[in-house]
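Visitor: Pasting a structure here, questions to come.
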Amino acid sequence: MIKTERILHLKSSRGRKVRVVREHYLRERVPCYSGVCQADCENDGKVLSGDLTHYMVPDAGVVVDYLEILEFRELQGIVFTQTACQAVQHSKGRRQYNRLRNLLKDPRHDCVLFANEFQEYSYCPREKGESQEKWQTRSECVYNAAVWYYNHLAGMMDIVMITEDQEAVAQYSSLNSGVYVISVQDYFQNFWPDLQAAHELYTSISQSLQEKESEGKEREYGEHLPAEVLEAGIKSGRYFQGTLNVSKHRAQTEAYIMMESFSNKSTDMTSILVHGEKNRNRAVHGDVVVAELLPKSEWRGKVTALMEGQGEVKSGEDKLLPTGCIVGIQQRNWRDYVVTFPLRDGTQSQSRNSQRILAVPWDHRIPKIRISTQQADTLQDHRVVVRIDSWESTSLYPNGHSVRVLGRAGELETEVQTILIENCIHVPVFSDAQLREMPVISPEKPWEVDPVEVTKRRDLRQSHLVFSIDPKGCEDVDDTLSVRSLAGGDLVELGVHIADVTHFVTEGSLTDLEARTRATTYYLADRRYDMLPAVLSADLCSLLGGVDRYAMSVLWELNTHTLAVNKVWYGRTVIRSSFQLQYELAQALLNGEQTEVPELAQLGSEERSVKLAQLIQALEMLTRVARHLRAQRDRGGALELEGVEVRAQLDEERNITALVPRQPLEVHETVAECMIYANHWVAHKIQKTFPHQSLLRRHPPPRQEFFSQLVETAQAKGFTINTETNKALADSLDRAVDPEDPLVNRLLRMMTTQAMSQALYFSTGAQSPDPFYHYGLALDKYTHFTSPIRRYADIVVHRLLTAAIATETGAGAGKAPASNKELEEIAHHINSRNRAAKRAQKLSTELFQCLYFKDRDAQKDPCCVANAIIYTVRDDGVLAFVPEYGVKAPVYIKNREGQVLVAAQDGSCEWQSGSVRRYADRITTTSGCGTSTFRLFDHITVRISVQSFRCHASRLNLELISNMPCHSTKPQEQHSQGRVQLVQEVVRLAEEAYQQAQEEARRRSKFCKEEREFCQTKTPNLYTLLEEVRELALRDLEPAPQVCATTA
Amino acid sequence: MAGLELLSDQGYRLDGRKATELRKVQARMGVFAQADGSAYLEQGNTKALAVVYGPHEMRGSRSRTLHDRAVINCQYSMATFSTAERKRRPHGDRKSTEMSLHLKQTFEAAVMTQLYPRSQIDIYVKILQSDGGNYSVCVNAATLAVIDAGIPMRDYVCACTVGFVDETPLADLCYAEESGGVSSLALALLPRGGQIALLQMDARLHQDHLETLIEAAMTACKGVSKVLDDVVRQHLQEVSMLTGE
């Protein structure tokens, strides 16, 4: 034990100045974590690579102010000193420090921490009377460390210390110690001249730092209270803590604080209204804030009008909400924001000399951000990513700095990037290091199964007829099915085989880390971002037909007659899929139609018919089993939320893109049922083996108050909706069918879906068993197991299942792969990523809708006139749904000038001065010419136009042109047709649309290439995309009548 | 002080030690001539003085006399200047009384009291500077003082505190760690036989971790005993040199 005791620290704590003495032990050997270390340091964990030209040591000031630049993955060989890390912790708080810690832990970044303060020779003690900050920022500490590092590596690696302190540069560069001391700017210019992004970031940060020093003194907001006071206040019930949620429509004035914990049961408030900017006191959307309630006399009601500027509060006393003001902020949740620079005009020119600009964020809920930049002129129409640095009480707006430029506003690529960044989706290209982990495959040397590995697995290649059923053009086939008779027909063996992704993605590998960060494959309207590299997702893990693949299988032995489960087997297998079917093809086979199976085309006619008969028999057996399972679930769990839940579930199970809801063929349901069954059984298995450490998925029952709108709306049509249990809800939804208007039922189901709470992943150790229940599927336990290629949760479940099997056979130690805490963290992360993915998908769909209507003249183009249906009534307008395009938007009945819409005899509407009255189920307008009424579920005709904004996303605008439906719409005619015809029509339309889309996609890719080569305009390319969107939107309508028909 | 990072990702503690390392222990025996035995012990910045009188005949109430063994009388006190903020009452408060009781129990287990029936042994311990692990420092100092007094013991009594942070047991906590919300455990051990003289823990800890924690505490105590042994041997050498001349 070599120990020396050295130092005294001065510290003040708990308000009073107290002198505290702390020990500080120094040691001779501190690991350097360098690949070229000669002194046999105990370098376990991350090690700096040895084949670099130099190592870079940033001093404390640089780490504190310019950490963002150091986060570039291109920068390699960074040695963070302990002094610098502590400086970050002290001056920037825990969030920033955790960021640094994650950086140090992440194997994708080449940087290490050198504990210089515990090293005997590099430690430099604090001098008497020197303050903590001064000591930490004194460049000598870091310089000493750099010198030691240089000597430790015996001069084999050049060390560059970067600092912002010009004196230090002058002082140390003359010393001949082997360490180069240069400024940050010089460093990037000399060593990384190509890293343009870093240069820009540097200038932007340094400018905002300079600006910060010249701040005004005028107080704009109240000071925040110190943390101790807040803590005490929350405990005593005086203050309330929650997350700030700024209203989307009235971002200037309205915000709500959502309380997460019901700590004090006496007050049953769930949210507090914060009115105005002063009361909001510098809090930004998403922050965790602490608020104090205002006296009751200052409470306000909720504004229910659609339009801004009409916010007179008409509501009575009973509608007042608890209103408060924010007194402190517990945690900032600032992320990257996308902003647009304002146009230069007279008002801005005054502030030109200070180069400060108020940029308008894309998200309405974020306040304007003050940025200092010299590029304001060149970047006028561009979207730029910025970060907020601070918000002093003396400033009206937060200060920020720009990070990078996305591109010109309004361009497709820019807008898509904007959507990604606003949802914190970060999907860089897979790095070389990650791809190096993948098995190498080339056309000459295709990948083959390893014979050693095969012996460890159950071989199903000969014994089982395995096939997959997927949508057309599907690349990542992650599930296959098999079914066969056993024991002379007494038993049926049903098998679900899932791609064995975990075989290729070992835990902790770079690919695994990347997949965990992404958590899911992101599907946007026109593209997708894969969770796994294409080598895996489209080839090795994809269970393609005719090749050997590793799989994870669940095999059930069922009694042929009762279909009761006899035995279940879980395990790793090798399979070879014989048929890669499409849904349509499978359905055709089942229906007994004559179709061509591509896999059988080459065979002789005799052999072909034998194989075909086998396949059809298997499909029939499968359908029978699935029907039984479905019925069993209906009986046991009593659920028939068809149309809403099951379709949503289908989507969740196997969605390719949400823009293409699949035509509900029976075979869809068959496959989905098998998958649900597999998920259910796997959930059972892992939960049984690891009662406290397994990842399941639950769907909590919805809160009853969310149904109030649904119930009221349904009442307008004379239906009663019973929302007590899922069974009752499903039944009453089935009954709520208007024979004349199938859209009513669809709208009601849509509203039900909205009222549903979201299904979530969770770790079983963190919950009591009751809420394991899956409301939508009516299963007691559920998890996700069947799509490991595009969901990280499934990978986790696969690992759990592997461990469970190992425990059973006695091979493993019976230990869960991850602790409850880790799992809970993973589950939380995946949930938040899933939400982001969903939001991004929705936003991108809206984007495409807007782009589609943008180029059309709203007054002339017949496409812009559409049939709509009213589903909610507000004070000065209604919310309408346009089934043709799947658009939901407000329709104003009263405009800003106070005029109202009045319908004439023939239904056409025009603006006249008059008044509006709102009732529970209708809204009436009165003017000189008469009165007109708009009821819930009225069909109206609207004109769709695009309202574009410079800084925000464009929005679709609906204008009421008639209170009658326009008669020329195609779907109306179709409804009257017979069901069989309809199905065929739908299939044909879908086929055509799909082929067209395919063709266009092909054309599009060509265009992209040409565009790159010849810098062509994007217009034709965009056009094809939008055409595609239109086709898809058209198809969106078809399922509705079908669903109604099947449930009826 | 909730935000302190007690164990860094590199495995360093606040003061630069690793998880299993003890603070620096320095000790001297025979610091006072008047008393029968005395010792001064520093463990990091915690400094304690222990003085032993006896065995002598019972003083005060004779009713407490035990006929088969000696009575051990302990008193624990903290100097008013021992903490960062001046302490009002050096001894007699609840905490000190409890500590005295614990010391008494510990030494009743270690001292061979049956050799001195109807007599009394007084152990006075004073904390001069407090920086965590007061109990264990007192026990270690008192052990040296008892040895200095020449009272036979079964073995050295060595004590050490351990805390549990991030699934890792930390040996010999300092004040910053103790107050940082760590569940800590104090253990007094007779190292040669591995018998536990006292085990004290008043924090919440999962049952699964208790074993590892006790294991770590025993290792730490054995480390302390080695140091104490060295101190005693060196002291003996010095004394014998003096008397030898």
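Visitor: In the set B:Ser63, B:Ser77, B:Ser38, which member is in a helix (DSSP H, G or I) and more than 14 Å from every other protein chain (Cβ to nearest Cβ)? Lay out the reasoning, then the answer.
Guide: Working: B:Ser77 fails: in a helix (DSSP H, G or I); B:Ser38 fails: in a helix (DSSP H, G or I).
Every option except B:Ser63 fails the conditions.
Visitor: Does at least one position in segment A:637-658 carry a residue that is of a type in the set (Gly, Ala, Ser), more than 26 Å from A:Asp794 (Cα to Cα), surrounded by fewer than 18 Cβ atoms within 10 Å (Cβ to Cβ) and at pLDDT 75 or above? Quick ask: steps written out before the conclusion?
Guide: The initial filter retains those residues of segment A:637-658 that are of a type in the set (Gly, Ala, Ser), namely A:637-638, A:643, A:648, A:658.
Within this subset, residues satisfying the condition of being more than 26 Å from A:Asp794 (Cα to Cα) are A:638.
From the residues that got through so far, the ones that are surrounded by fewer than 18 Cβ atoms within 10 Å (Cβ to Cβ) too are A:638.
Then drop every residue that is not at pLDDT 75 or above, which leaves none.
There is no residue in segment A:637-658 that is of a type in the set (Gly, Ala, Ser), more than 26 Å from A:Asp794 (Cα to Cα), surrounded by fewer than 18 Cβ atoms within 10 Å (Cβ to Cβ) and at pLDDT 75 or above.
Visitor: I'd like to check something: does segment A:145-156 contain any residue that is part of a helix (DSSP H, G or I), in contact (Cβ under 8 Å) with a residue 24 or more places away in the chain and within 21 Å of A:Arg335 (Cβ to Cβ)?
Guide: First pass over segment A:145-156, keeping only residues part of a helix (DSSP H, G or I): A:145-152.
Pick out the ones that are also in contact (Cβ under 8 Å) with a residue 24 or more places away in the chain and you get A:145-152.
If we keep only those that are within 21 Å of A:Arg335 (Cβ to Cβ) as well, we get none.
Within segment A:145-156, none of the residues are part of a helix (DSSP H, G or I), in contact (Cβ under 8 Å) with a residue 24 or more places away in the chain and within 21 Å of A:Arg335 (Cβ to Cβ).
Visitor: Kindly list the number of the only condition in (1) more than 12 Å from chain A (Cβ to nearest Cβ); (2) over 30 Å from A:Leu100 (Cβ atoms) that fails for B:Ala19.
Guide: That leaves (2) as the condition not met.
Visitor: Does any residue of segment A:108-130 turn out to be part of a helix (DSSP H, G or I), of a type outside the set (A, V, I, L, M), surrounded by fewer than 21 Cβ atoms within 10 Å (Cβ to Cβ) and not assigned by the TED database to the domain that holds A:Arg335?
Guide: Taking segment A:108-130 as the starting set, the residues that turn out to be part of a helix (DSSP H, G or I) are A:116-118.
Okay, now just the ones that are also of a type outside the set (A, V, I, L, M), so A:116-118.
Those still in the list that are surrounded by fewer than 21 Cβ atoms within 10 Å (Cβ to Cβ) too: none.
No, segment A:108-130 has no match at all.
Visitor: Among what's in segment A:271-293 and is within 25 Å of the chain's Cα centre (by Cα) and not charged (D, E, K, R), pick the residue that is modelled with the lowest pLDDT. I'd like the intermediate steps shown before the answer.
Guide: Taking segment A:271-293 as the starting set, the residues that turn out to be within 25 Å of the chain's Cα centre (by Cα) are A:271, A:283-289.
In the following step, the residues that additionally are not charged (D, E, K, R) were identified as A:271, A:283-286, A:288-289.
On the way: A:Ser271: 77, A:Ala283: 85, A:Val284: 86, A:His285: 86, A:Gly286: 83, A:Val288: 86, A:Val289: 86.
Top of the filtered list is A:Ser271.
Visitor: Follow-up question, since we're still on this one. Considering each residue of segment A:157-172, count those that are closer than 15 Å to A:His54 by Cβ and in a helix (DSSP H, G or I), and give that number. Before the answer, list the steps.
Guide: Step one: of segment A:157-172, the residues closer than 15 Å to A:His54 by Cβ are A:157-162.
Then keep just the ones that are in a helix (DSSP H, G or I); that gives none.
So the answer is 0.
Visitor: Determine, yes or no, whether B:Asp9 is of a type in the set (D, E, K, R) and away from every other protein chain (no Cβ under 14 Å). Outline the logic, then answer.
Guide: Working: of a type in the set (D, E, K, R): yes; away from every other protein chain (no Cβ under 14 Å): no.
Spelling it out, it is not the case that B:Asp9 is of a type in the set (D, E, K, R) and away from every other protein chain (no Cβ under 14 Å).
Visitor: Among residues belonging to segment A:513-529 that are surrounded by fewer than 20 Cβ atoms within 10 Å (Cβ to Cβ) and touching a Ser or Thr at 6+ places or on another chain (Cβ under 7 Å), point out the one that is nearest to A:Ser844 (Cα to Cα).
Guide: The selected residue is A:Arg528.
Visitor: Given the conditions (1) modelled with pLDDT under 80; (2) assigned to a loop (DSSP other than H, G, I, E, B); (3) surrounded by fewer than 17 Cβ atoms within 10 Å (Cβ to Cβ), and given that A:Ser395 satisfies all but one, which numbered condition is not satisfied?
Guide: (3) is the only condition that A:Ser395 fails.
Visitor: Return a yes/no flag: does segment A:828-837 have any residue that is of a type in the set (A, V, I, L, M), modelled with pLDDT of 80 or more and buried (at least 20 other Cβ atoms within 10 Å of the Cβ).
Guide: Of the residues in segment A:828-837, the ones of a type in the set (A, V, I, L, M) are A:830, A:836-837.
Narrowing further to those that are modelled with pLDDT of 80 or more: A:830, A:836-837.
With the extra rule that they be buried (at least 20 other Cβ atoms within 10 Å of the Cβ), the set shrinks to A:830, A:837.
Yes.
Visitor: Collect the residues in segment A:244-255 that are at pLDDT 80 or above and surrounded by fewer than 18 Cβ atoms within 10 Å (Cβ to Cβ), keeping them in residue-number order.
Guide: A:Asn245
Visitor: Taking A:Asp548 as the residue in question, decide whether it is among the acidic types (Asp, Glu) and within 29 Å of the chain's Cα centre (by Cα). Quick ask: steps written out before the conclusion?
Guide: Values: among the acidic types (Asp, Glu): yes; within 29 Å of the chain's Cα centre (by Cα): no.
When the stated conditions are applied, A:Asp548 does not pass them.
Visitor: Another question, if that's okay. Looking only at residues in segment B:104-137 that are touching a Phe, Trp or Tyr at 6+ places or on another chain (Cβ under 6 Å) and either more than 14 Å from chain A (Cβ to nearest Cβ) or in a strand (DSSP E or B) (or both), which one is nearest to B:Cys160 (Cα to Cα)? Even if it seems obvious, please write down each step before you answer.
Guide: Of all residues in segment B:104-137, those touching a Phe, Trp or Tyr at 6+ places or on another chain (Cβ under 6 Å) come to B:122, B:125, B:131-132.
Narrowing the set further to residues that are either more than 14 Å from chain A (Cβ to nearest Cβ) or in a strand (DSSP E or B) (or both) leaves B:122, B:125.
Details: B:Asp122: 23, B:Val125: 17 Å.
Once the filter is applied, the top-ranked residue is B:Val125.
Visitor: Residues of segment A:683-722 being closer than 30 Å to A:Tyr871 by Cβ, part of a helix (DSSP H, G or I), out of contact with any strand residue (DSSP E or B) (no Cβ under 9 Å at 6 or more places or on another chain) and of a type in the set (S, T, N, Q), which ones?
Guide: A:Gln704, A:Ser708, A:Gln715
Visitor: Consider segment A:1-30. How many of its residues are exposed (fewer than 13 other Cβ atoms within 10 Å of the Cβ), at pLDDT 65 or above and at the interface with chain B (Cβ under 9 Å from one of its Cβ atoms)?
Guide: 1
Visitor: Right, here's the next one. Scan (1) closer than 20 Å to A:Leu195 by Cβ; (2) in a loop (DSSP other than H, G, I, E, B); (3) not small (Gly, Ala, Ser) for the single condition A:Glu68 breaks and write down its number.
Guide: (2)
Visitor: For segment B:69-93, name all the residues that are exposed (fewer than 13 other Cβ atoms within 10 Å of the Cβ) and either modelled with pLDDT of 90 or more or under 23 Å from A:Val21 (Cα atoms) (or both). Spell out how you get there, then give the answer.
Guide: If we filter segment B:69-93 for residues that are exposed (fewer than 13 other Cβ atoms within 10 Å of the Cβ), which is where we start, we get B:80-81, B:85-86, B:88-89, B:92.
B:Thr80, B:Phe81, B:Glu85, B:Arg86, B:Arg88, B:Arg89, listed by residue number.
Visitor: Looking only at segment B:208-245, filter to residues that are within 14 Å of chain A (Cβ to nearest Cβ) and without any contact (Cβ under 8 Å) to a residue 40 or more places away in the chain; which one of those is nearest to B:Val157 (Cα to Cα)?
Guide: Residue satisfying both the conditions and the ranking: B:Lys226.
Visitor: Give the residue that is surrounded by the most Cβ atoms within 10 Å (Cβ to Cβ), with candidates limited to residues of segment B:22-35 that are more than 10 Å from every other protein chain (Cβ to nearest Cβ) and at negative phi.
Guide: Residues of segment B:22-35 that are more than 10 Å from every other protein chain (Cβ to nearest Cβ), as a first pass: B:27-35.
Now restrict to residues that are at negative phi: B:27-29, B:31-35.
Working: B:Ala27: 22, B:Arg28: 15, B:Met29: 24, B:Val31: 17, B:Phe32: 14, B:Ala33: 6, B:Gln34: 7, B:Ala35: 18.
Here the answer is B:Met29.
Visitor: Also: Sort through A:Leu75, A:Leu100 and tell me the only one that's within 20 Å of A:Ala146 (Cα to Cα), more than 12 Å from chain B (Cβ to nearest Cβ) and either modelled with pLDDT of 85 or more or in contact with a helix residue (DSSP H, G or I) (Cβ under 9 Å, 6 or more places away or on another chain) (or both).
Guide: Numbers: A:Leu100 fails: more than 12 Å from chain B (Cβ to nearest Cβ).
Within the list A:Leu75, A:Leu100, the selection yields A:Leu75.
Visitor: I would also like to ask the following. Could you tell me whether A:Tyr33 is of a type in the set (Phe, Trp, Tyr) and either within 22 Å of B:Leu14 (Cα to Cα) or within 14 Å of chain B (Cβ to nearest Cβ) (or both)? Can you show your working first?
Guide: Numbers: of a type in the set (Phe, Trp, Tyr): yes; either within 22 Å of B:Leu14 (Cα to Cα) or within 14 Å of chain B (Cβ to nearest Cβ) (or both): yes.
Taking the combined requirement at face value, the residue satisfies it.
Visitor: Filter segment A:80-97 down to residues that are at the interface with another protein chain (Cβ under 10 Å from one of its Cβ atoms) and within 32 Å of the chain's Cα centre (by Cα) and give me whichever is farthest from A:Arg332 (Cα to Cα).
Guide: Among those that are at the interface with another protein chain (Cβ under 10 Å from one of its Cβ atoms) and within 32 Å of the chain's Cα centre (by Cα), it is A:Cys85.
The values are calculated or read from the model by the stated rules, or taken from the named source; none is laboratory data. Note that the structure is predicted; figures quoted are calculated from it, not measured. All Cβ positions, even for glycine, are placed from backbone atoms using ideal geometry, and neighbour counts span all protein chains on display.
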